[in-house]
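Read-outs: derived from the displayed coordinates by stated rules, not from any lab. Being a predicted model, the structure only gives us computed values, none of them experimental. We place every Cβ from the backbone using ideal geometry, glycine too, and count neighbours over all the protein chains shown.
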Amino acid sequence: MSVLSNLTAREDHHLLRRIHNRIGTGGMVAGGFMVFLIVAATLAPLISPTSPNAIDLLNVSTGSTWTHPLGTDNLGRDTLSRLLWGARPSLLGPTLVISVATIIAVPLAALAGWSGGVVDQIVSRFLDLVFAFPGILLAILAVTLYGPGLYPCSMALALSYMPWIARVTRSEILRERNKPYIKALEVQGLSGFAICVRHLIPNVSATIWSQVTISFGYALIDLAALSFLGLNILPPGADWGVMTNNENAILQGDLNQVLYPCLLIILCVTSVTYVGKRLSDENTRLLK
Amino acid sequence: MTHLLEIDHLSVDLVTHRRYHKVLQDVSVTVEKAEVVSLVGESGSGKSMTARSVLNLLPAQGKMSGNIAFDGQSLMDSTSKDWQKFRATKAAMIFQDPRASINPVHRIGDFLTEALVHNRDMDRHEALERAATLLEQVGIDDARRRLRQYPHELSGGMLQRVMIASVLLIEPQLILADEPTTALDVTTQADVIAILDDLRAQREMAMLFITHDLELAAAFSDRIAVMYAGYIVEVSTPAQLHTRPLHPYTAALLRSRPMLHERTARLPQISGRPLSAFEAPPGCPFQDRCPYVQAQCGESLPQPQLIGGSIVRCHRASELELVSTAGAEGGQSHE
Amino acid sequence: MSDATSNTATANKVRRVDGPAVEVAGLRKVFRVSGGAGGRRHRDFVAVEGASFSLEQGHSLGIVGESGSGKTTIARMLVGIEKASGGTMNVAGRDRSAAAKSTSERRRRGSEMQIVFQDPYTSLDPRQSINGCINEVLKLHLTMTEPERRQRIIELLDQVGLTERQGLVLPKNLSGGQRQRVAIARALAAEPAVLVLDEAVSALDVSIQAQIINLLNDIRERTNMAYIFISHNLAVVRQVTDQTLVLKKGVVVEQGDTEKILDAPEDDYTKLLLASVPEPGWKPRRVNVD
């Protein structure tokens, strides 16, 4: 009984403190940074000082000034504005990639892991097949078919990330499904679908979650690389990947123009991965 | 007189979830040469922790107070090197799950001879010879073939015998056996216990035997220490314990056992669940489950007292008349 | 925590059947194991060889044996999580020798026979509250309104000695013994005719074990449910069963009244099992059975 009362007593109703209990100070900083980025990206039209593509040849590579806090690039475009606007595709892209990948991967993994036998064999071989294509290559293929853009690139990457999530999920499900609580539900006569949706998948969600956050980071980098190669967001449009591809700025010694987007990419990937890891650890611990 | 092993007022705190939790409280027990002392208790009672403390196998952030002495010499100020030497020569441990304590990728022979070759600079062939002889002593036929096999090729009972042989190789004066037969089948358990019993008689080895099984402890040991919530609540001989237990917990535990030879209409049960040391209330740790509880039990922790050769930690030990079997309840059952 | 049970008359629900609750004949299980290193050859391993028994409503059958005796395999075949290789099984008057084809058939079988497993720590969904767990079973097997279900959950919890408040928590907030009570309540919720207990008290502390044994005996007395009690512990089998079946390496070596088998065993293996149980004055002999 003491355990029980202990538990109720420790229930904390302050939201921020509850989050802090779960992900710690580091997680709060990382999570706060992500929230800040998302808000900034959403509000870009309202808060960016100028239009991201407004060329101002009289103010080229100014460095930090009052009107241009992060300076301008070699065409006189305001860097802060470009970073803010660029955050939109840079965050939307990976979100699309992992959402689509997860939506396909988890049911496939559940089907394979739950059914076993021939079904498992077929699904697993299919996953191996998709595995064989590198994401970037698929994206290039998609771009040749549908032209450059965020959607073809994201869909191609989603397909190539899908097996990563599916494989890990499948092996977790295989392990989980032999536990007595699942067996007990089978004996009760609950349908396989209900067991998967209500019990099996929620209980492997920590693993799915950590795989998803890691994939988010990779997808962000991949999409930036595709932009760098000129296959994703095309100039003069702005995403962080496009902004890293500014040889003129580098030649002129204005390294900051390239460093800012790089820094954002690194911070963003690190934050998402860190928060994801903390959340999935905590999730596991809370049920023990 | 010096005892072979003397644990004196030992208290241990361990860190879980960044907080200190008591696991052992004021534990005092001795083991003489060639004596088997059993530590009996339910989960969380601290019986395994006591054995681990003796070999300094506690998790890194443990806090220990009190004293542990071996052959009259305190071990408390030992360096990690001293401990290592102590474990390699004087005392050894047999664990519950032999499969988890033997490296699965090494052959049995390598596992057995590793300590001899590395710690004692023995020749490998000589070491293998000794290992083979010992395997035969613990009842393993065809020892030479076994030495070349891998752990997965042996049954659990077989592996536990290998563990015993590995302990015998270093010829310790003290064996700490932590539920060594719990994972085994009853027939194998009987066999392993018989082997341990023989070895003790032949080699005069002392043993601290940890078990949850009162019957097993009674059949095998010279003295039994009953543990509850990190305390030793009673130390007695098997005969004494089974005929006249002094602590209400011991009596209740004995009575709640299902009997092999008769069906009990209703087992006298102890309400509630066994507590861990850190959950125990101030005063007597057993008060919440005890049918004889009085005001004083919640006020002060009973100190160990000597009654008729047994040591007991109960305020009311001298006035209570407890029995150990369900059939002979003297109107004091709480059911 | 309250001791075992209060008498709730409404809680005594069990499916009525005519004839024996369980009838098993010539039950057999063969596992195919891959033999040798890297070989494609397979070896057949007979886990259960021709087990036959029958169990009347309200009675309790013990299946005893050591690891590898096939006792758990029999349980798993009966409840349908292992496919039988041969023989017939009949539970509550209906045949279940072949695997269930449809979900409705599986559900029907679930309402005839339920199981409680050994390890209380893995037999409950860690994400589901105790109430949620029992509610799910009630929804599956019975047509009840929401308030009826709520009432029934409280009855079931009470029957296994748990409070209403304990129904609100997650399994991690309960002790091993309490979780085992929940597992029993979940099994009872389906109102089965037969309950299979697969080493259901083996992992529990002695003081908790006594509580659960008493609880099981109470429930059987009140509901007239039949038990199949699988255990390696002969003393526990004595307390819970009236008939016993002794298995050795998949073969039934002795079966009959529990009293008779434990007091005057005929088979050598049964004698060996009995002699291996530690008790006062016990002197273990060295026998090589490996």
Original post:
Can you give the mean number of other chain Cβ atoms that lie within 10 Å of the Cβ atoms in peptide C:168-178?
Top reply: 4
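Determine the relative contact order of region B:99-170: mean sequence separation of Cα pairs under 8 Å and six or more apart, normalised by residue count, in whole percent.
Details: 78 pairs, mean separation 31.8, N = 72.
Averaging sequence separation for qualifying contacts and normalising by length gives 44 percent for region B:99-170.
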Original post:
How many partner chain Cβ atoms sit within 10 Å of a residue's Cβ in peptide C:268-281, on average, as a whole number?
Top reply: 5
Original post:
Using the count of nearby Cβ atoms within 10 Å as a rough guide to exposure, how do B:R18, A:R170 rank from fewest to most?
Top reply: B:R18, A:R170
Subject >> C-alpha long axis of helix A:150-176 to longest principal axis of chain A, angle in ° >> reply: 30 degrees
Original post:
Put +1 on the Cβ of every Lys and Arg and -1 on every Asp and Glu Cβ in the protein assembly as shown; which of B:A206, C:Q159, C:L138 then has its Cα farthest towards the positive end of the dipole?
Top reply: C:L138
**OP:** State, to one decimal in nm, how far the label point of A:W209 lies from the label point of B:D222, with both points 7 Å from Cα in the Cβ direction.
**Re:** 5.6 nm
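If you average the sequence gap of Cα pairs under 8 Å that are 6 or more apart and divide by the length of region C:26-108, what percent do you get for the contact order?
So the answer I get is 28 percent.
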Original post:
What fraction of the DSSP beta bridges in region C:179-290 is antiparallel, stated in percent and rounded to the nearest 5?
Top reply: 55 percent
**OP:** Please work out whether region A:2-286 counts as rounded, prolate or oblate from its C-alpha gyration tensor, where a ≥ b ≥ c are the square roots of the eigenvalues and a/c under 1.5 means rounded, while otherwise a/b larger than b/c means prolate and anything else oblate?
**Re:** oblate
**OP:** On a C-alpha basis, how far is the centre of region C:17-87 from the centre of region C:198-238 in Å? Whole number, if you could?
**Re:** 21 Å
Original post:
How many angstrom lie between the C-alpha centres of region A:255-284 and region A:66-85?
Top reply: 23 Å
Original post:
Dipole size in debye (nearest 20) for chain A around its Cα centre, Lys and Arg Cβ +1, Asp and Glu Cβ -1?
Top reply: 1100 debye
Subject >> Pairwise centroid distance, computed over Cα atoms, of region A:205-245 with region B:129-192, Å >> reply: 58 Å
Original post:
What does the convex hull of the alpha-carbon atoms of chain B project to on average, in nm²?
Top reply: 18.6 nm²
Original post:
Using a simple spin-label model with points 7 Å from Cα along the Cα→Cβ vector, what separation in nm is obtained for B:R18 and A:Q121?
Top reply: 5.2 nm
Original post:
C:D18 versus B:A239, label points 7 Å from Cα toward the beta carbon: distance in nm?
Top reply: 6.3 nm
Subject >> Percent antiparallel among DSSP beta bridges (both partners in chain C, rounded to 5) >> reply: 55 percent
**OP:** Find the all-direction average of the projected area of the Cα convex hull for region B:99-170, expressing the result in square nanometres with one decimal place.
**Re:** 4.1 nm²
Original post:
Nearest 10 degrees, 0 to 90: what angle lies between the long axis of helix B:124-137 and the longest principal axis of chain B (Cα atoms)?
Top reply: 40 degrees
Original post:
In percent, how large is the relative contact order of region B:1-122, given Cα pairs closer than 8 Å and 6 or more residues apart?
Top reply: 27 percent
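Where does each of C:266-274, B:246-254, C:226-234 land if you order them by average Cβ count within 10 Å, highest first? Present the calculation step by step, with values, prior to reporting the outcome.
On the way: C:266-274: 16.8, B:246-254: 26.3, C:226-234: 24.1.
Result, highest mean Cβ count within 10 Å first: B:246-254, C:226-234, C:266-274.
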**OP:** Express the Stokes-Einstein translational diffusion coefficient of the protein assembly as shown in µm² s⁻¹, to the nearest whole number, given a Kirkwood radius over alpha-carbon pairs, 10 °C and a viscosity of 1.306 mPa s.
**Re:** 50 µm²/s
Original post:
What would the Debye formula give as log10 I(q)/I(0) at q = 0.10, 0.11, 0.17 Å⁻¹ for the alpha-carbon point model of region C:20-275, no solvent?
Top reply: -0.51, -0.62, -1.33
Original post:
Taking each residue of C:226-233 in turn, how many C-beta atoms of other protein chains fall within 10 Å of its C-beta, and what is the average?
Top reply: 1
Original post:
How large is the dipole of region C:40-199 about the Cα centre if only Lys and Arg carry +1 and Asp and Glu carry -1, each at its Cβ, rounded to the nearest 20 debye?
Top reply: 620 debye
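If you restrict to DSSP beta bridges whose two residues both lie in the protein assembly as shown, what percentage is antiparallel, to the nearest 5?
Values: 52 of 88 bridges.
The answer is about 60 percent antiparallel.
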